[in-house]
Amino acid sequence: VPWDSLAPGDTVRIFHRATPYLGKFMIAASGTASAPVRICGVKNQAGLRPIIDGQNAVTRRGLDYGDSSFTDYLHQTRSIIVIKQLPSQGWKGFPTYIQIDGLEVRGATPSNQFTDADGVIRRYVAFGACIWIERGHNITIADNVIHDCTNGIYSKSTDDSVDDLSAPDFSVSKDVRLAGNYVYGNGV
C-alpha cells in the first residue's frame, strides 16, 4: 500500500485471512469531510476481523516516518499504526478526515520486536500504543478490537501552535471520535 501517497476518498481494504498481517504503517493523508481516507477491515463470513499484529511486524522499506538515530526512531518504536504528517508536509502539517475501522490491532509491547523502514530489527518502547495519533483533525477509530499494547489508543496534542496565527491549532489533535471499539489488556 502506498501509505505515504493516499489521497481524499482513498479506501484501503484489509481482508480477514487465517494468518495475521505483520505490517506497521503510517497514515499521513488529508481527506475531506465528503471524501475521508479510510482504512477498513473486512470481516470474513464468520465475522472474524483481519488482525494487524505488531510482533515481528515489518514497516514498508523507505516509508519516511521522519525518524533517525537522533530521535531514537521514536515514531516507529511507539506504535503499529501511527497518524502523523510526513516530513515533506512540514512542521505545520497534520492529517485530516481519517477513518480506521473493523480491525484487530495487537502486540506493540517492549517484549515484541519489529523491522523498521530501514530494515533494522527494533523493540517497541514502554510508552506507545496500538494506534498512536501524533496529530490530526477529524479522526475516527470505530469498531476495532485493540489489545496487548502499552496503550490501546493514544492521542497527542501540544501547545506548539499557540502563538502561530497562521496555523493556530496545527499541533492539536481534535475532533477525535472513538466509537464501538473493544479495548482491553493494554498497559505495562
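Restrict the check to the range 13-29 and report whether at least one residue is surrounded by fewer than 18 Cβ atoms within 10 Å (Cβ to Cβ), within 27 Å of Asp160 (Cβ to Cβ) and in contact (Cβ under 8 Å) with a residue 12 or more places away in the chain. Scanning the range 13-29 turns up no residue that is surrounded by fewer than 18 Cβ atoms within 10 Å (Cβ to Cβ), within 27 Å of Asp160 (Cβ to Cβ) and in contact (Cβ under 8 Å) with a residue 12 or more places away in the chain. Within the group Asp159, Asp175, which residue is open to solvent by 20 Å² or more (accessible area, probe 1.4 Å), part of a strand (DSSP E or B), of a type in the set (Asp, Glu) and touching a residue at least 12 places away in the same chain (Cβ under 8 Å)? Of the residues listed, the single one that is open to solvent by 20 Å² or more (accessible area, probe 1.4 Å), part of a strand (DSSP E or B), of a type in the set (Asp, Glu) and touching a residue at least 12 places away in the same chain (Cβ under 8 Å) is Asp175.
The listed residues are Gly102, Gly136, Gly93, and the only one of them that is modelled with pLDDT under 90 and within 22 Å of Pro8 (Cα to Cα) turns out to be Gly93.
Every residue, every condition in (1) polar (S, T, N, Q); (2) in contact with an Asp or Glu (Cβ under 9 Å, 6 or more places away or on another chain); (3) without any contact (Cβ under 8 Å) to a residue 60 or more places away in the chain, yes or no:
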position: Ile81; (1), (2), (3): no, no, yes
position: Gln85; (1), (2), (3): yes, yes, yes
position: Lys92; (1), (2), (3): no, yes, no
position: Asp101; (1), (2), (3): no, yes, no
position: Thr109; (1), (2), (3): yes, yes, no
position: Gln113; (1), (2), (3): yes, no, yes
position: Ala117; (1), (2), (3): no, yes, yes
position: Arg122; (1), (2), (3): no, yes, yes
position: Ile146; (1), (2), (3): no, yes, yes
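Does the range 1-16 hold any residues that are in contact with a Phe, Trp or Tyr (Cβ under 9 Å, 6 or more places away or on another chain) and closer than 12 Å to Arg38 by Cα, and which are they? Across the range 1-16, the qualifying residues are Trp3, Pro8, Val12, Ile14. Considering each residue of the range 128-139 in turn, none proves to be within 13 Å of the chain's Cα centre (by Cα), open to solvent by 20 Å² or more (accessible area, probe 1.4 Å) and in contact (Cβ under 8 Å) with a residue 60 or more places away in the chain. Taken as a whole, the structure places Pro168 among residues that are modelled with pLDDT under 95 and assigned to a loop (DSSP other than H, G, I, E, B).
Here Ile80 meets each of (1) surrounded by 13 or more Cβ atoms within 10 Å (Cβ to Cβ); (2) within 21 Å of Phe170 (Cα to Cα) with one exception, condition (2).
For the range 49-77, which positions are at pLDDT 95 or above, within 22 Å of Ala29 (Cβ to Cβ) and either among the aromatic types (Phe, Trp, Tyr) or open to solvent by 40 Å² or more (accessible area, probe 1.4 Å) (or both)? Listed by number, the list holds a single entry, Val58. Listed residues Asp148, Asp143; which is over 22 Å from Ala29 (Cβ atoms), surrounded by 15 or more Cβ atoms within 10 Å (Cβ to Cβ) and at pLDDT 95 or above? Answer to the selection: Asp148.
All conditions but one from (1) free of Cβ contacts under 8 Å to residues at least 40 places away in the same chain; (2) assigned to a loop (DSSP other than H, G, I, E, B) apply to Thr150; the one that does not is (1).
The values are calculated or read from the model by the stated rules, or taken from the named source; none is laboratory data. Since the model is a prediction, treat every value here as computed from it, not as a measurement. We place every Cβ from the backbone using ideal geometry, glycine too, and count neighbours over all the protein chains shown. Calculation scope for accessible area: heavy atoms of the full protein, side chains included, ligands and nucleic acids excluded. Shrake-Rupley method; radii C 1.70, N 1.55, O 1.52, S 1.80 Å.
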